[in-house]
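Here's the structure, in structure tokens; my notes come after.
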Amino acid sequence: MSIIAQYGDVLVILACVFGFFMAWGVGANDVANAMGTSVGSKAITIKQAILIAVVFEFLGAWLAGGEVTDTIRKGIIDPALLIENPQYLVYGMLASLLSAGIWLLIASMKGWPVSTTHSIVGAIVGFAAAGLGVDAVQWDKVGQIAASWLVSPLLAGSIAFVLFKSVQTLIFDNEDPFAAAKRYVPMYMFLVGFIIAMVTLVKGLKHVGLNLNFESSLLLSIVIGAIVMGIGVLMERKVARSRLSEKNRATGDDFDFSGVEKIFGLLMMFTACAMAFAHGSNDVANAVGPLAAIISVVDSAGQIGVKASMPWWVLVLGGGGIVFGLVTYGRRVIATVGSGITELTPSRGFAATLAAASTVVLASGTGLPISTTHTLVGAVLGVGLARGMAALNLRVIGTIVMSWLITLPAGAILSILFFFMFKGMFG
């Protein structure tokens, strides 16, 4: 108890610095998963992607970031085993933030799209098993999180496969794809608005004082979806039917799909906002979860397991760090994700991004920390499989999978080293 009382302010300041550093890493590396498909499909430029992400990543972190944070903060370690030495929890969370932040810095420099969730969960498990004993880890909870890393790409891939097949059937296989796009794309726009509004209203706004029941949230989400659809209809009216190019005439093609892709380019603006919001709501927990645990222990004078509300400024710090990381260092990984896995067009990118956003917001709403990296790669794979195996760059996919396998042990090893370093420094 005396260590917490003696060094409390220093520990909280370190936690804020390391938490911001970790959030910077999330922005520099993981935001590529939110923006990569939009940039890769050339629906938006990198500058536009950064602007969209700055706004919606921050809003997602601030408005809807509280649910998953509870899982990171309290779900992985058994609090009962830390009652005698609460400072060990503080050291471990500091070590986890610092080690995950360093690994994300290395990966971002290399252009590797790695999982920030892997990084922080691996770090927490590493320090707990080595510093506190294997029994300190709630392995059943870790098992649930690990299972989500398999379930999320499968779910996202399945949704993306179905979405892209629906696009092919309803629009590209139609006798007049341009007219079909004008007819059916507003339906997809409604879906984007509805999904994001629903998860935000049901789970995300409780800590800012807005408590709606399920029926009210459902009705309001339908209205928001309709508004988004209306905006989309007005925007797509400006898109003109493309004339047949010389290339089309030479090859005998009787339709130029560029006009259809322009309509999907408009739709990608909505899905980019949706994915940025979803990513911010889910992945801010990786930075602020350990920070919230440290603040809770220090504020309660060393009591473990005390019910503590999430300070509003913690989510703002996490959202600000994500935005800063994206602006300063996000371009490298955006380039890797946007063009490396498969060739994307706006219609393909739409299916992948909406599928990933749906999966992430569902996970955020239920409090399960999934890997956005796994989710997006799964969604892009689903779109690729809908076109055939030849559409996938298996070499790049193999490199990405290898980086995933390295991430967990790297986070754990660094965390163990830093845990014993802090233990030696503070006692």
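Modelled this way, with points 7 Å down the Cα-to-C-beta line, the labels at Thr328 and Leu154 are 4.0 nm from one another.
Kindly put Glu57, Glu261 in sequence by how many other C-beta atoms sit within 10 Å of each C-beta, fewest to most.
On the way: Glu57 30, Glu261 23.
With the fewest neighbours first, Glu57, Glu261 line up as Glu261, Glu57.
Approximating the spin labels as points 7 Å out from Cα along Cα→Cβ, the Leu220-to-Thr169 distance works out to 3.5 nm. Going 7 Å from the Cα of Val233 in the Cα-to-Cβ direction, what parts of the range 168-187 have a backbone nitrogen less than 17 Å from that spot? So the set is 179-187. Around the amide H of Ile77, modelled in the peptide plane, lie the amide H atoms of Gln138, all under 5 Å away and 5 or more residues distant in sequence or on another chain.
Per residue, the chain reaches -25500 deg cm²/dmol at 222 nm when only DSSP H runs of four or more residues are counted, each adding -39500 (n - 2.57). What helices does the chain have that are whole DSSP H segments, at least 18 Å long along their own axis by Cα, and with mean Kyte-Doolittle hydropathy of -0.5 or more? Answer set is 2-25, 46-64, 86-110, 139-167, 177-199, 214-236, 258-283, 285-299, 312-329, 346-366, 372-387, 394-426.
In plain terms, the residue of Lys262, Lys165 with the fewest other Cβ atoms within 10 Å comes first and the most crowded comes last, giving Lys165, Lys262.
Using r as the Cβ-Cβ distance of Val401 and Asp140, and R0 as 25 Å, what FRET efficiency do you calculate, to the nearest 0.05? Could the numbers behind the result be given before it?
On the way: r = 26 Å, r/R0 = 1.04.
My answer for the efficiency is 0.45.
Hey, with R₀ at 22 Å, roughly what FRET efficiency would Met425 and Ile106 work out to, going by the Cβ-Cβ distance, to 0.05? FRET efficiency, Met425 to Ile106: 0.40.
Look at Arg395, Arg183, Arg332 and count the other Cβ atoms within 10 Å of each Cβ; fewest to most, that gives Arg395, Arg183, Arg332. Note on the range 2-426: with charges restricted to the Cβ of Lys and Arg (+1) and Asp and Glu (-1), its dipole about the Cα centre is near 820 debye.
The numbers here are math on the coordinates, done by the rules we state, and not lab data. As the structure is a computational prediction, the values presented were derived from the model and not from experiment. In this analysis, Cβ positions are derived from the backbone assuming ideal geometry, glycine residues included, and neighbour counts consider all displayed protein chains.
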